[in-house]
Amino acid sequence: MPLIAKSPYDLRVNLGRDVPETDVRSALASGEMGFLHSFTTGSTLDGPGVRVVGWTSGCHWRCLYCHNPDTWTMSNGMPVTLSHAVEELRKYRHGLKVMSGGFTLSGGEPLMQDRFVAKLFDAVHAMGVHTALDTNGSLGKRLSDGELESIDLVLLDIKAWDPDRHRHLTGMDVGPVLDFARRLSEQRRPIWARYVLVPGLTDDAEEIAQIAKFAANLGNVERVDVLPFHQMGQYKWKALKLDYTLAGVEPPSDEVVERACEIFRAAGLTAH
Ligand code: SF4
């Protein structure tokens, strides 16, 4: 299947439905094939410079504000062999270097396909292209220390601090995320932390201050991106017949976003 650039905001389902379950399982085990929801070029939002971004399918979290719920199911993604992905990325390598950019894997949760991710980053890094992993961090232990060396930057989502709030928001525990952040700190691997600001859900100043303190103490967080909640994914929830609970929530105002940035800055971090 050709890798054609598509927006992650397009609804995409069943692209991999013809791949037999046994092939999916062996692809996940070997990393010789992955599943991509979409593939974009020219992004300036997913790491430094201008980037090619692969959006993987598969995520075991259920964030209330997820704007790509069509990435939750692995078989919604298009199957792509590792060699084809490497070959495609090779075409962009000179341009990406000139634009001080690189290659980012986002999702979904890329580490649902940890073997594919590790092998792809290894190959792209060997081309001299900057690599970034955008992850919720919960499956970080699937990567060895050696594999982390091929990842120049981790875009780590920290969604909440309070364990109950985190579980309410994502359906999962925050502990493994924080453990991965600490490990990246020990390995001196750079992090850009990402925090989605949802009015009434994640705009509590105390909560943000706790995350800011944690992030500042890590010593490897180069910047924090405060991402304002938006409603661009709402139509996907409806199309997939999922129960969306944030329909009445407005995006935060610029002032509220700036206030959150100030809390991170007060802890000594760079925040945008
Ligand atoms: S971790 Fe990301 S892809 Fe997964 S449910 Fe949350 S927002 Fe969606």
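Bear in mind these aren't lab numbers, they're just calculated from the coordinates by the rules spelled out. Remember, it's a predicted structure, so these values are computed and weren't measured experimentally. In this analysis, Cβ positions are derived from the backbone assuming ideal geometry, glycine residues included, and neighbour counts consider all displayed protein chains.
Sort out for me the Cα centre separation of the stretch 109-188 from the stretch 230-256, rounded to whole Å.
Going from one Cα centre to the other spans 26 Å.
From the phi of every residue in the stretch 237-247, what ³J(HN,Hα) in whole Hz does the Karplus formula 6.51 cos²θ - 1.76 cosθ + 1.60 yield, where θ is phi - 60° and glycine or proline is x?
4, 5, 4, 8, 6, 9, 7, 9, 9, 10, 4
For the chain, with the dipole built from +1 on Lys and Arg beta-carbon atoms and -1 on Asp and Glu ones, taken about the Cα centre, which of SER57, LEU139, LEU45 lies farthest toward the positive end?
SER57
Ordered by packing density, taken as the mean number of other Cβ atoms within 10 Å over each peptide's residues, highest first, how do 111-119, 135-143, 171-179 rank?
In descending order of packing, they fall as 111-119, 135-143, 171-179.
Once phi is turned into ³J(HN,Hα) by the Karplus curve 6.51 cos²θ - 1.76 cosθ + 1.60 with θ = phi - 60°, what whole-Hz value does each residue of the stretch 267-272 show in order, with x for glycine and proline?
Here the 3J(HN,Hα) series is 8, x, 9, 8, 9, 10 Hz.
Would you compute, from DSSP H runs of 4+ residues alone, the mean residue ellipticity of the chain at 222 nm, taking -39500 (n - 2.57) per run and dividing by the full residue count, rounded to the nearest 500?
So the helix-based figure for the chain works out to -10500 deg cm²/dmol.
If you average the sequence gap of Cα pairs under 8 Å that are 6 or more apart and divide by the length of the stretch 1-152, what percent do you get for the contact order?
The value is 26 percent.
Using a/c under 1.5 as the rounded threshold, could you call the stretch 8-98 rounded, prolate or oblate? The axes a ≥ b ≥ c are square roots of the C-alpha gyration tensor eigenvalues, and prolate needs a/b larger than b/c, oblate otherwise.
The shape class here is oblate.
Amide H of PHE39 versus every other amide H placed in the peptide plane: which residues, excluding those fewer than 5 positions away on the same chain, fall under 5 Å?
It is LYS6, TRP55, by chain and number.
Can you list residues from other chains, or at least 5 along the same chain, whose modelled amide H is less than 5 Å from the amide H of THR131?
Sorted by chain and number, the residues that satisfy this are PHE103, ASP152, LEU153.
Quick one: putting +1 on the C-beta of Lys and Arg, -1 on the C-beta of Asp and Glu, what dipole do you get for the chain around its Cα centre, in Debye to the nearest 20?
For the chain, the charge dipole is close to 560 debye.
Show me, for the stretch 22-30, the HN-Hα J-couplings you get by feeding each phi into the Karplus relation (A = 6.51, B = -1.76, C = 1.60, θ = phi - 60°), rounded to Hz, glycine and proline as x.
So the J values, rounded to whole Hz, are 5, 5, 4, 4, 6, 5, 5, 6, 8.
Whose amide H sits under 5 Å from the amide H of THR270, counting only residues 5 or more places off or on another chain, with H placed in the peptide plane?
Excluding prolines and chain starts, which carry no amide H, the hits are VAL224.
For the stretch 133-173, list residues with backbone N below 20 Å from a point placed 7 Å from the Cα of THR270 toward its Cβ?
In the stretch 133-173, the label zone of THR270 (backbone N under 20 Å from the point 7 Å along Cα→Cβ) covers 133-135, 151-158.
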